[in-house]
Amino acid sequence: MDRDLPITPSFRLDGKRALVTGASRGIGYACAAALAEAGASVVMAARGAEELESAVEALRHRGYTAEAWLVDITDVEAVRAGVARRGAFDILCNSAGTARHGPAAETVPEDFDAVMGVNLRAAYFVAQAVAKAMPQGGSILQISSQMGHVGGVDRAVYCASKHAVEGMTKAMAIEWGRRGIRVNTICPTFIRTELTEGTFADPGRRAWIEEKIKLGRVGEVEDIMGAVVFLASDAAAMITGTALMVDGGWTAG
């Protein structure tokens, strides 16, 4: 008996344009590589010229289409102008982030403002600028954190910024869904990057991390790459307003 088979939606991103912030290193660099490998042309945004150019050249050397955008994403007007010049994107991966860890009782306003300025304010207005230029829909990904769902020692400010990202993602998904724009977060556990070197160097902190991660190892940037491609692609066409945990079971309990 002949019977039609459902066809798996494509994970490919050929013909799509993607913007990745914080793309010169760490998770952002891995996200840019993953999107490019899946067929997207990628604009890589960061504020360090030398490191950014090196990252772009590495992708181009593999035959991928990549462009550098030197920008401080905390400059809202520069972001708006830059997005307007570059035209519509199909994908945004907001990966730029920062952290200034310390006891909540000792937080100073300068550290609070610095973390919120990048992790929340900049992420909000980059998403806004890109969404306005998405007339035919698209996928917005916020690189959030497991710390957007739980708490952590010496991480009150960082947790506050990521919990806020989770809330704004849900609200944006509701507002922009009718336009075909999907908005989701990816929530990694501790990933080996320059940002986490100090944490892993502390034996007490490392023991705490390894005890919490049920899979028994810390994350690598490669662990994020498949999640990014999935949520950016048609394979995730019915997923919006949600968080994809890439945490090795940390938040499971």
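The values are calculated or read from the model by the stated rules, or taken from the named source; none is laboratory data. Fair warning: this is a prediction, and the values are worked out from it, not measured in the lab. Using ideal geometry, Cβ is built from the backbone for each residue, glycine included, and neighbour counts are taken over all protein chains shown.
Overview of results
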| read-out | value |
| --- | --- |
| Region 119-154, residues that are of a type outside the set (A, V, I, L, M, F, W, C), over 18 Å from Val246 (Cβ atoms) and in contact with a helix residue (DSSP H, G or I) (Cβ under 7 Å, 6 or more places away or on another chain) | Tyr124, Gly137, Gly151 |
| Enumeration of residues in region 100-125 that are of a type outside the set (A, V, I, L, M, F, W, C) and touching a residue at least 12 places away in the same chain (Cβ under 8 Å) | Arg100, His101, Gly102, Pro103, Thr107, Asp111, Gly117, Asn119, Arg121, Tyr124 |
| Thr240, sole failed condition from (1) touching a strand residue (DSSP E or B) at 6+ places or on another chain (Cβ under 7 Å); (2) more than 27 Å from Pro103 (Cβ to Cβ); (3) outside any loop (DSSP other than H, G, I, E, B) | (3) |
| Residue list for region 101-118, filter: in contact with a helix residue (DSSP H, G or I) (Cβ under 9 Å, 6 or more places away or on another chain) and in a loop (DSSP other than H, G, I, E, B) | His101, Pro103, Thr107 |
| Qualifying residue in region 33-44 (condition: on the phi > 0 side of the Ramachandran plot, modelled with pLDDT of 95 or more and surrounded by fewer than 19 Cβ atoms within 10 Å (Cβ to Cβ)) | yes |
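A quick yes/no check of all residues on (1) in contact with a Lys or Arg (Cβ under 8 Å, 6 or more places away or on another chain); (2) of a type in the set (Gly, Ala, Ser):
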residue: Ala127; (1), (2): no, yes
residue: Gly137; (1), (2): yes, yes
residue: Leu141; (1), (2): no, no
residue: Met147; (1), (2): yes, no
residue: Gly151; (1), (2): no, yes
residue: Lys162; (1), (2): no, no
